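The values are calculated or read from the model by the stated rules, or taken from the named source; none is laboratory data. All values reported here derive from a predicted model rather than from experimental measurement. Cβ sites come from the backbone with ideal geometry, for glycine too, and all protein chains shown count toward neighbours.
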Amino acid sequence: MERKQFFIANWKMHKTCGETKSFIEQVQGEAYLAPPFTALATAVESAKGSQIHIGAQNLSDQASGAFTGEVSGEMLKDLGVSFVLIGHSERRTLYHESDEMISRKIHRALENGLMPVICIGESAAQRQAGQTHHVLETQLKGALSSFTTDHLASFVLAYEPVWAIGTGVSATPDMAQETHKEVRRIIGELFSEEAAMRLPILYGGSVKPENSAELMAEPDIDGALIGGASLVPDSYTQIVKKGLQS
Ligand code: PGA
């Protein structure tokens with residue numbers, strides 16, 4: 001089945017408004033960029049009339065209220081943001097986001113027409129202990145059990161092994177493919193096989209121009225979530241180009 005491919009730049013806590021504008025001026029073709037909150041308005045403005053989609057890296061699990069420092073889905077929608085990353089491993093580990101909280105965030109995204117990009121992944125210790133399947137199944141059940149097959153049609157999943165994020169060591173194409181297939185099987189059990197076949201599953205963790213083609217050639221890998229290598233326009237563009245060609 002032909003699934004849409006997504007190449008999403010996750011800039012994390014990098015780039016000012018000026019740097020964001022300059023990056024966008026240098027990118028051609030379809031792109032998905034997730035700048036920090038402070039650069040979102042500039043990014044949306046700079047991307048007008050292009051094929052560049054702007055997303056946020058996070059959103060509040062609450063709709064509104066006394067939550068100092070938080071940003072709601074409604075505020076993101078108001079800015080013209082079209083997608084949002086949810087449950088990135090840095091959010092899970094550094095900011096203690098639980099599967100329940102991630103589930104609420106997905107609800108807030110859907111209420112505001114934002115495409116959720118839901119991140120899952122196991123740590124090195126969990127993989128070594130043979131717990132990968134269990135960890136991924138728990139994360140998927142915890143985040144997705146309150147959704148229907150119809151909801152799933154607007155979701156994107158990102159499998160990011162925690163040990164591959166920011167380390168320069170990506171999963172091998174074989175290992176990533178095996179795990180993506182496993183994730184699709186779990187989704188098939190939770191929803192339906194057809195829904196699982198339609199769901200784009202991106203790989204994340206040290207994707208760069210040198211390994212994009214071989215990773216994207218795998219049948220169950222439908223794009224990439226890219227951190228470090230997405231900060232330079234040429235590097236991001238190469239990853240997309242090589243990934244799409246393979
Ligand atoms: P990385 O980050 O490409 O720098 O490994 C990926 C991510 O955290 O989404």
Q: Could you check residue 231 against (1) more than 24 Å from residue 155 (Cβ to Cβ); (2) buried (at least 21 other Cβ atoms within 10 Å of the Cβ) and say which number it fails?
A: (2)
Q | Single residue of segment 216-246 satisfying the filter (outside any helix (DSSP H, G or I) and away from the ligand (no atom under 13 Å from the Cβ)) that is modelled with the lowest pLDDT | A | 246
Q) Are there any pairs, at least 6 apart or on different chains, whose C-beta atoms fall under 7 Å, with the first in segment 164-184 and closer than 11 Å to residue 215 by Cβ and the second assigned to a helix (DSSP H, G or I) and within 11 Å of the ligand (Cβ to nearest atom), and if so, which? A) 170/164; 171/164
Q) In segment 119-133, what count of residues is obtained for those that are over 20 Å from the mean Cα position of the chain (by Cα) and not small (Gly, Ala, Ser)? A) 4
Q.
Considering only segment 36-54, I want to know if a residue exists there that is under 24 Å from residue 198 (Cα atoms), out of contact with any strand residue (DSSP E or B) (no Cβ under 8 Å at 6 or more places or on another chain) and buried (at least 19 other Cβ atoms within 10 Å of the Cβ).
A. no
Q: Keeping to segment 185-233, report how many residues are touching a residue at least 60 places away in the same chain (Cβ under 8 Å) and not basic (Lys, Arg).
A: 17
Q. Does segment 55-63 include one or more residues that are modelled with pLDDT of 95 or more, farther than 20 Å from residue 227 by Cα, among the charged types (D, E, K, R) and touching a strand residue (DSSP E or B) at 6+ places or on another chain (Cβ under 6 Å)?
A. no
Q: Could you tell me which of the residues 160, 194 is more than 11 Å from the ligand (Cβ to nearest atom), at negative phi and of a type in the set (Asp, Glu)?
A: 194
Q | Subset of segment 199-215 [away from the ligand (no atom under 12 Å from the Cβ) and under 16 Å from residue 177 (Cβ atoms)] | A | 199, 200, 201, 213, 214
Q. How many residues does segment 105-137 contain that are exposed (fewer than 14 other Cβ atoms within 10 Å of the Cβ) and within 17 Å of residue 201 (Cα to Cα)?
A. 0
(Q) I need a count of the residues in segment 185-213 that are surrounded by fewer than 17 Cβ atoms within 10 Å (Cβ to Cβ) and β-branched (Val, Ile, Thr). (A) 0
Q: Check 130, 166 and return the single one that is at positive phi and within 16 Å of the ligand (Cβ to nearest atom).
A: 166
Q. Restricting to helices (runs of 4 or more DSSP H) lying wholly in segment 1-98: which have 1 or more residues that are aliphatic (A, V, I, L, M) and without any contact (Cβ under 8 Å) to a residue 24 or more places away in the chain?
A. 40-46, 73-79, 89-94
